[in-house]
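Everything on this sheet refers to the single structure shown next.
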Amino acid sequence: MIQYLIRGAKPLNGTVTVSGAKNAAVAILPAALLVDGVCHIENVPDISDVRLFLQILEALGARIRRKSPNCLEIDSRHVHCATAPKDLAQKIRASYYLIGVLLGRFGKATVSLPGGCNFGSTRPIDQHIKGFEALGATVDVPGDTVFAEAPEGGLLSGHIYLDVVSVGATMNIMMAATLAEGTTIIENCAKEPHVVDLANFLNAMGAHISGAGTDIIKIRGVERLAGGSYSIIPDQIEAGTYIAAVAAAGGNVLVQNVIPKHMDCITAKLREMGLSVSEYDDAIRVEKTRPLKASKVKTLPYPGFPTDMQPQVGVCMALAEGTSFITEGIYDTRFAYTAELTRMGAKIEVSGKTAVFEGVESLKGCTVRAHDLRAGAAMVIAALAAEGQTIVENAHYIERGYECIIEKLTALGADITRVETRDDDPVSAAG
Ligand code: EPU
């Protein structure tokens, strides 16, 4: 098990550089399988979700060359296999993107159902399947595996109106339609920055996609994607996490390599709560000059407040003066982290999709568990703000999405240590 040991109540000061966006990378890497050529991809975050995807691509026959820690060359010319390796695919929810790309490139796909972070009872993929069927595919899900097959001659164009605004369905259908015959229209699309980034990547490889970032995306199918160069956008949620850490623990930090426009939905809320925020071309400076004030948040699809920042801002609310409210508008529930925060001294009542926070003056360190990636990030933030030592268990979740988090926080003055224990060896590595 990976644990983080954090001694808190120290402000954060200095500069942090944000890595490439996880949720763009986990779509762009499989999208490289659509390319009958070489993709040169920069700003790829070195996180465990990305490393897993690279293993899947290699198992399918792609050749991968790491030119530097964050720069990859992927050559998918020799890929012929349309069956994703079950053991690897089941480890990551975003493996659902393999259905769209394998279907698009080979006319068939066999992919085990996604795993990953699980919020609420289900995270269905019915909208993905509806999209593939609109492109003429037949899709069967007899057990834990999706079998999809295009009609003779390949996928056709289609007109899809999504019943729910889904990031995954928008990107998956976009990928499948890239090599389909004719023009596909997707309505009620997700507009997240990573949706636009995937469209830009595919266009850089030779696709014809317009409208990404609006409600309607049009994909004019092309015969072949020939390859090219692309740089992944900075991670909006990673940047937001460091900003929330300053709001909770105090300090003055320059967060660099960000697209400030992508951050508005997060910084607007933290400004309202009293954080001082200054924007530059590709950086944001945040400073805590006064105690945080209570606020209200409802998570919504972009440009609304992102569900992936809900636990991190929850920590800020736990420490803000007065009564704050969060309504989770995307998932059935994403409040498992509040029980851990309560053990640190927070006062939180959860009822269905709403959590009510009665702000407290301080949190106290104890042993807490990361329930998923963003809940884990919230535990780190709470620990940075808390008095005494906190042990964050299950920190492997955090490493799914945060590159070099220990190094980045240490450079900001945090007292944080990573400890890896094996079943047969209580404490085996630190750093
Ligand atoms: N939904 C359906 N049917 C579908 C697809 C989605 O009902 O076919 C529902 C979901 O149950 C959910 C809502 O629609 O209530 C939105 O889900 P969406 O499809 O947008 O989520 P996702 O694509 O599975 C991505 C991110 C998540 C992030 C959400 C929302 C990736 C790999 N994951 O998931 O990221 O929370 O969009 O923005 O891109 C994270 O990074 O921590 C994370 C969980």
³J(HN,Hα), Karplus 6.51/-1.76/1.60, whole Hz, each residue of region 47-53, x for Gly, Pro: 10, 5, 4, 5, 4, 5, 4
Protein accessible area in the chain, 1.4 Å probe - carbon and sulfur %: 48 percent
Part-to-part distance (alpha-carbon centres) for region 130-178 and region 295-349, which is given in Å: 34 Å
Spatially proximal lysines relative to K91 (Cα-Cα < 25 Å; intrachain offsets below 8 disregarded): K22, K108, K130
Inter-centroid distance (Cα atoms) of region 388-423 relative to region 87-108, Å: 31 Å
Distance in nm between pseudo-label sites at K293 and E133 (7 Å out along the Cβ direction from Cα): 5.0 nm
Label-point gap, in nm, between E58 and K86 - each point 7 angstrom along Cα→Cβ: 2.3 nm
Positive-end extreme of charge dipole, the chain - chosen from T267, L162, A148 (charges on Cβ): T267
Estimated inter-spin distance, K261 and Y280, nm [label 7 Å along Cα→Cβ]: 2.0 nm
Point-charge dipole on Cβ atoms (K/R +1, D/E -1) for the chain, about Cα centre, debye to 20: 500 debye
FRET efficiency, 1/(1 + (r/R0)^6) with R0 35 Å, evaluated for R271 and C366 via beta carbons: 0.70
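Quick check for me: using +1 on Lys/Arg Cβ and -1 on Asp/Glu Cβ, what's the dipole size of region 258-297 about its Cα centre, in debye to the nearest 20?
Numbers: 8 positive and 6 negative charges, 68 e Å.
Value, rounded to 20: 320 debye.
Roughly how big is region 22-231's charge dipole about its Cα centre, with Cβ charges of +1 (Lys, Arg) and -1 (Asp, Glu), in debye to the nearest 20?
Details: 18 positive and 21 negative charges, 99 e Å.
The calculation lands at about 480 debye.
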Two-site FRET efficiency, N13 against D332, from Cβ-Cβ distance with R₀ of 45 Å, rounded to 0.05: 0.70
With DNA, RNA and ligands ignored, accessible area of I41 (1.4 Å probe; Å², nearest 10): 0 Å²
Amide proton proximity set for G345, modelled H, under 5 Å, gap of 5+: K364
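Within 11 Å, Cβ to Cβ, of V253, how many net charges do the neighbouring residues add up to if Lys/Arg are +1 and Asp/Glu are -1? Don't skip to the end; give the middle numbers.
On the way: positive: R285, K288, K408; negative: E287.
Within the 11 Å Cβ shell, the charges total +2.
Sort region 22-231 into rounded, prolate or oblate with this rule: let a ≥ b ≥ c be the square roots of the eigenvalues of the Cα gyration tensor; rounded if a/c is under 1.5, and if a/c is not under 1.5, prolate when a/b is larger than b/c, oblate otherwise. Mind showing how you got there, number by number?
Working: a/c = 1.28, a/b = 1.14, b/c = 1.12.
Verdict is rounded for region 22-231.
Can you give the local net charge around E358? Use residues other than it whose beta-carbon is closer than 12 angstrom to its beta-carbon, Lys and Arg +1, Asp and Glu -1. Please report the intermediate quantities before stating the final value.
Working: positive: K347; negative: E321, E349, E361.
So the environment of E358 carries a net charge of -2.
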Cα lying deepest toward the dipole's positive end in the chain, options A377, Q389, N70, charges on Cβ: Q389
Set of aspartates and glutamates near K86 by C-alpha distance (under 14 Å), chain-local residues within fewer than 8 positions excluded: E58, D144
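With the cut-off at 26 Å, tell me which of the pairs K10/K353; K298/K408; K347/K408; K298/K347 have Cα atoms farther apart than that.
Details: K10/K353 33 Å; K298/K408 29 Å; K347/K408 30 Å; K298/K347 19 Å.
Violating the 26 Å Cα-Cα cut-off are K10/K353; K298/K408; K347/K408.
So, for the chain, what is the accessible surface per residue at a probe of 1.4 Å, expressed in square angstrom? Can you show the working numbers first?
Details: 16370 Å² over 431 residues.
About 38 Å² of surface per residue is accessible.
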11 Å beta-carbon shell around A177, net charge (K/R +1, D/E -1): +1
Additional length obtainable on full extension of the chain from V356 to R220, 0.36 nm per residue less Cα span: 44.3 nm
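Tell me which chymotrypsin sites (Phe, Trp or Tyr not before Pro) from region 337-403 have a DSSP coil assignment and no more than 16 other beta carbons within 10 Å of their own.
Working: sites: Y337, F357, Y397, Y402; in loops: Y402.
Here no chymotrypsin sites (Phe, Trp or Tyr not before Pro) fit, given the DSSP loop and packing criteria.
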K288, K353, K408, reordered so the largest accessible area comes first (probe 1.4 Å): K353, K288, K408
Per-residue SASA entry for V38, accessible area with 1.4 Å probe, Å² rounded to 10: 50 Å²
Residues with amide H under 5 Å from that of I160, placed H, sequence gap 5 or more: I185, I186, E187
Whole-angstrom gap from region 180-234 to region 28-65, using each part's C-alpha centre: 18 Å
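The values are calculated or read from the model by the stated rules, or taken from the named source; none is laboratory data. Bear in mind the structure is a predicted one, so any value in this text is a computation, not a measurement. Cβ atoms come from the backbone with ideal geometry, glycine included; neighbour counts cover every protein chain shown. Ligands, DNA and RNA are stripped out before the accessible areas are found, and what is left, the full protein with its side chains, is counted by its heavy atoms. Shrake-Rupley method; radii C 1.70, N 1.55, O 1.52, S 1.80 Å.
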